[in-house]
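The values are calculated or read from the model by the stated rules, or taken from the named source; none is laboratory data. All values reported here derive from a predicted model rather than from experimental measurement. For neighbour counting, all protein chains shown are included, and Cβ atoms are generated from backbone atoms with ideal geometry for every residue, glycine included.
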């Protein structure tokens, strides 16, 4: 077992090494340039479409409203990465890592936009009349039948990775948090969590979307309000904190307190890596949700989808980072969720409960959203007959995750997460011309006012 762990650690270090980070960041930069900065320039348009997307027009085909698709995607992306991931980036790369998280998000908006555009354009209707899509479908339908094997590779990696990153490790994190704060045993959490998740996912994407539509704005608001209180208490120090983030991104961070110091490369490496872990731009997961949206135009849904990266990283992750830097907790040597919890606790009385509450809700919504991602990938490989068995297995493994030691599962999921990104990035680059063309055509026809 130790040997297997060492091998997996080596593979993980390689697949998430400089080459992968350059590929992810480079794809986003290429798409941003090809789109002439459209995702950044038209972010206001995206927010307008998001608000309009709370309702779908009668003529629009799909399963859920555009806003519900965004909420479902955010269910998966706003998670432990926003709490523990930001803290880990700062612990390893210093405050400067936050700047590189921002840069990753700005180009990641173009990646997420392109994923959603292709997901809607090349989606299909399955045997039960549902609209389904994602990287496996835009690889098969966009690149041609001879590339269908690559779509199957993505689906296989994503289906298996879902049981790790979106299932067992999440239930384990919830069980740990609850036991440490309330002494409730892991197995009790496992039973309750499995029951709650089952009641949601058994209803399929429409029930998942309805829950996400209500829960995601609520949980994000609670967390952001909690962070805002800490920031307002330390408002006079905010300019200095922002300046430190920018300066350290290019100069590195000197050793201080319990912090060992970090070079510029460490800030870039951990900022980019944790930014991608948090917003999932390029991994190919979010377009599976956006493919189900009721919309008549891929560009419109892409404009909504790109907001997921902005909200996740530029807003939520930044709030976490400011709390950590303002309170000075990053200098103590703490890391992960413990650092964030300590920072909130230092900032305001009872602030650690905001983190506890956030961890539980973020993990729950991640579990629900990833169940849909994994289910669609399983359907692509085995047909609609696999859907119900998949849901039962999903719920059973939630309990296992709550009570088991998951070090090995973490590593396997980490590797598969990177491997599922490779087929998706190949497709995004190969089909980038299509993304550029439909975008130009849409806005040339007055996309700004096109809404019935």
* Residues in region 302-324: is at least one touching a strand residue (DSSP E or B) at 6+ places or on another chain (Cβ under 6 Å), buried (at least 23 other Cβ atoms within 10 Å of the Cβ) and in contact (Cβ under 8 Å) with a residue 12 or more places away in the chain? -> no
* Asked: Mind checking whether some residue in region 68-86 is touching a strand residue (DSSP E or B) at 6+ places or on another chain (Cβ under 8 Å), more than 26 Å from residue 360 (Cα to Cα), touching a residue at least 40 places away in the same chain (Cβ under 8 Å) and part of a helix (DSSP H, G or I)?
  -> no
* Out of 250, 198, which single residue is surrounded by fewer than 21 Cβ atoms within 10 Å (Cβ to Cβ), part of a helix (DSSP H, G or I), under 24 Å from the mean Cα position of the chain (by Cα) and modelled with pLDDT of 90 or more? -> 198
* Structure fact -> Of (1) under 22 Å from residue 51 (Cα atoms); (2) modelled with pLDDT under 95; (3) over 10 Å from the mean Cα position of the chain (by Cα), residue 306 fails just (2)
* Structure fact -> Looking across region 330-359 at residues that are farther than 23 Å from residue 174 by Cβ and out of contact with any strand residue (DSSP E or B) (no Cβ under 9 Å at 6 or more places or on another chain), the single one that is surrounded by the most Cβ atoms within 10 Å (Cβ to Cβ) is 347
* Just for region 148-206: of the residues that are free of Cβ contacts under 8 Å to residues at least 24 places away in the same chain and touching a helix residue (DSSP H, G or I) at 6+ places or on another chain (Cβ under 7 Å), which one is farthest from residue 409 (Cα to Cα)? -> 148
* Of all helices (runs of 4 or more DSSP H) completely enclosed by region 381-452, which ones contain at least 3 residues that are surrounded by 14 or more Cβ atoms within 10 Å (Cβ to Cβ), modelled with pLDDT of 95 or more and under 21 Å from the mean Cα position of the chain (by Cα)? -> 407-430
* Asked: What number goes with the only condition from (1) surrounded by fewer than 24 Cβ atoms within 10 Å (Cβ to Cβ); (2) in contact (Cβ under 8 Å) with a residue 12 or more places away in the chain; (3) farther than 30 Å from residue 207 by Cβ that residue 110 does not pass?
  -> (1)
* Asked: So is residue 240 modelled with pLDDT of 90 or more and more than 26 Å from the chain's Cα centre (by Cα) or not?
  -> yes
* Could you identify the single residue in 268, 288 that is outside any loop (DSSP other than H, G, I, E, B), surrounded by fewer than 24 Cβ atoms within 10 Å (Cβ to Cβ) and within 24 Å of the chain's Cα centre (by Cα)? => 268
* To do: Report, by residue number, each residue of region 178-195 that is under 25 Å from residue 352 (Cα atoms) and in a helix (DSSP H, G or I).
  => 178, 179, 180, 181, 182, 186, 187, 188, 189, 190, 192, 193
* To do: Please enumerate the residues belonging to region 92-107 that are assigned to a helix (DSSP H, G or I), more than 19 Å from the chain's Cα centre (by Cα) and buried (at least 24 other Cβ atoms within 10 Å of the Cβ).
  => 93, 96
* Unique match (being surrounded by fewer than 20 Cβ atoms within 10 Å (Cβ to Cβ), modelled with pLDDT of 90 or more and within 20 Å of residue 420 (Cα to Cα)) among 26, 17, 44 -> 26
